[in-house]
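K.L.:
So that we are looking at the same thing, I have put the structure below in structure tokens.
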Amino acid sequence: MTESVLFYLFSLLAVIAGVSVITQRSPIASALSLVVCFFALAADYVMLDAHFVAVVQVLVYAGAIMVLFIFVIMLLNIREPSPGFTPLSPRGMFGMGAAGLLGVAIIAMLDGLVHAPMATLPEGYGRIAEVGKVLFQGAYLLPFEAVSLLLTVGMIGAVVLAKREV
Amino acid sequence: METVGLAPVLALSGVLFTLGVVGVLTRKNALIVFMSVELMLNAVNLAFVGFSRQNAALDGQVFAVFVMAVAAAEAAVGLALVILLFRNRVTVQLDDLDRMGG
């Protein structure tokens, strides 16, 4: 009972923060709204017994990635006036219309999937030990190594791009 | 303890993804467009975790971790591009970046 009530509360918070992300005029307010959204999603992951993913969500998304975003926003110190969110402009109307059609399509597509019941969980589901077993003993060892290579390439790429002279 | 069903999870995922699409299509600030992309990635992660919970399999959670790692790499490279753009053109408004005539 409490679990689903908390899920709905945090879902509502995530949606409000998500709306705030796309409607705020200043990028820093958007970024802080996005942090709130990420924390709410982390709470939702806990309700879905994904404890390890919830911790990684807070550490990597709300921590590392958003710090990078806020760092860049403050580093650039943009002074030019921003038009903000303009739902009544042609761009706004076309954008909202296209996104609304997409949302209807997603919900229609998912309609047949939602009626299957949730499975009962084995002991330790979602803990780091069980996730680690799937990650390292299953078929995901090669993708894991590929991701580590991707992160190295991303880091080198970021340094090369942002450096003044190569 | 009663757990939440799959329907609200997928509904939240769809709503957040749609919000991200609205942000990408309507905003002009490159940084906010970027944050909207992150919002869409999170919506997909939520769907992964929801299906993972439904099937009592951990593969979806492993995929969510992969998505986070790719998002981290993407954020680093993308923000480096924004810095480069700002240094060369002194703007992050996407409408002003029309040199390629697109």
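The values are calculated or read from the model by the stated rules, or taken from the named source; none is laboratory data. Small disclaimer: the values here were computed from a predicted structure and weren't measured. Methodologically, a virtual Cβ is constructed for each residue, glycine included, from the backbone with ideal geometry; neighbour enumeration extends over all protein chains shown. Quick note on the areas: whole protein, heavy atoms, side chains included, nothing else; ligands and nucleic acids left out. Shrake-Rupley method; radii C 1.70, N 1.55, O 1.52, S 1.80 Å.
K.L.:
In whole percent, how big is the carbon plus sulfur part of the accessible area of the range A:1-81, probe 1.4 Å, protein atoms only? Numbers along the way, then the final one.
P.N.:
On the way: 2850 of 3610 Å².
Roughly 79 percent of what the probe reaches on the range A:1-81 is carbon or sulfur.
K.L.:
Residue by residue through the range A:53-63, what is 3J(HN,Hα) from phi via Karplus (6.51 cos²θ - 1.76 cosθ + 1.60, θ = phi - 60°)? Round to whole Hz and write x for glycine and proline.
P.N.:
Rounded to whole hertz, the list is 5, 4, 5, 5, 4, 5, 5, 7, 6, 5, x.
K.L.:
May I pose another question? Over chain B, what is the mean sequence separation of C-alpha contacts under 8 Å (at least six apart), divided by residue count, expressed as relative contact order in percent?
P.N.:
Once normalised by length, the contact order is 27 percent.
K.L.:
Here is a follow-up. Just to confirm the number: angle between the C-alpha axis of helix B:6-26 and the first principal axis of chain B, 0 to 90 degrees, nearest 10?
P.N.:
Around 10 degrees separate the two axes.
K.L.:
With chain A treated as a Gaussian network of Cα nodes joined by springs under 10 Å, which of A:Phe38, A:Phe144, A:Phe85 yields the largest mean-square fluctuation?
P.N.:
Judging by the Gaussian network model, the answer is A:Phe144.
K.L.:
Using a 7 Å offset from Cα along Cα-Cβ at B:Asp95, what residues in the range A:57-93 end up with backbone N under 13 Å from the label point?
P.N.:
Zone members listed by number: A:81-93.
K.L.:
Could you pull the accessible area for A:Met96 with a 1.4 Å probe, rounded to 10 Å²?
P.N.:
80
K.L.:
Just the C-alpha atoms of the range A:57-98: what Rg/Rh do they give, with Rh taken as the Kirkwood radius?
P.N.:
A ratio of 1.19.
K.L.:
If you take every residue apart from B:Leu58 with its C-beta less than 11 Å away from the C-beta of B:Leu58, what net charge results, scoring Lys and Arg +1 and Asp and Glu -1?
P.N.:
Neighbourhood net charge equals 0.
K.L.:
Now a separate question. Compute, for the range B:9-90, the length of the dipole vector about the Cα centre, with Cβ point charges of +1 (Lys, Arg) and -1 (Asp, Glu) only. Units Debye, rounded to 20.
P.N.:
360
K.L.:
Continuing with the same structure: If you count, for every residue in A:16-25, the Cβ atoms of partner chains within 10 Å of its Cβ, what is the mean?
P.N.:
Taking the mean over all residues of the peptide, I get 6.
K.L.:
Would you mind classifying the range B:9-90 by shape? Square roots of the alpha carbon gyration tensor eigenvalues, ordered a ≥ b ≥ c; an a/c under 1.5 is rounded, otherwise it is prolate if a/b is larger than b/c and oblate if not.
P.N.:
Here the range B:9-90 falls in the oblate category.
K.L.:
Select from chain A the helices, each a whole stretch of DSSP H, whose alpha-carbon atoms run 24 Å or more along the helix axis and whose Kyte-Doolittle mean is at least 0.5; answer none if there are none.
P.N.:
Flagged H segments are A:2-23, A:27-47, A:90-110, A:141-162.
K.L.:
Just need the Rg to Rh number for the range A:1-81, please, alpha carbons only, Kirkwood Rh.
P.N.:
1.07
K.L.:
Same structure again: State whether chain A is rounded, prolate or oblate according to the following rule on the C-alpha gyration tensor (a ≥ b ≥ c being the square roots of its eigenvalues): a/c under 1.5 gives rounded; otherwise a/b larger than b/c gives prolate, and the remaining case gives oblate.
P.N.:
Here chain A falls in the oblate category.
K.L.:
Tilt of helix B:59-89 relative to the longest C-alpha principal axis of chain B, in degrees (0 to 90, nearest 10)?
P.N.:
10
K.L.:
Normalised by the residues of chain A, what does the relative contact order come to in percent, with Cα pairs under 8 Å and at least six apart?
P.N.:
Details: 99 pairs, mean separation 32.1, N = 166.
Value for chain A: 19 percent.
K.L.:
Convex hull volume of the Cα atoms in the range A:75-166, per residue, in Å³? Please list the in-between numbers first.
P.N.:
Values: hull volume 23.1 nm³, N = 92.
In the range A:75-166, the Cα convex hull volume per residue is 251 Å³.
K.L.:
Using only protein heavy atoms and a 1.4 Å probe, how much accessible area in total is buried between A and B, to the nearest 100 Å²?
P.N.:
That pair hides around 7100 Å² of surface in total.
K.L.:
Mind grabbing the accessible area of B:Asp95 for me, 1.4 Å probe, Å², rounded to tens?
P.N.:
80
K.L.:
Are there any trypsin sites (Lys or Arg not before Pro) in chain B that are in a DSSP loop and have at most 12 other Cβ atoms within 10 Å? List them by number.
P.N.:
B:Arg99
K.L.:
Just to confirm the filter: which trypsin sites (Lys or Arg not before Pro) across the range A:1-109 are DSSP coil and have at most 15 other Cβ within 10 angstrom of their Cβ? It would help to have the intermediate numbers written out before the result.
P.N.:
On the way: sites: A:Arg25, A:Arg79, A:Arg91; in loops: A:Arg25, A:Arg79.
Here the trypsin sites (Lys or Arg not before Pro) that fit, given the DSSP loop and packing criteria, are A:Arg25, A:Arg79.
K.L.:
With everything on Cα atoms, drop me the angle between helix B:30-55 and the longest principal axis of chain B, reported from 0 to 90° to the nearest 10.
P.N.:
For helix B:30-55, the angle is close to 10 degrees.
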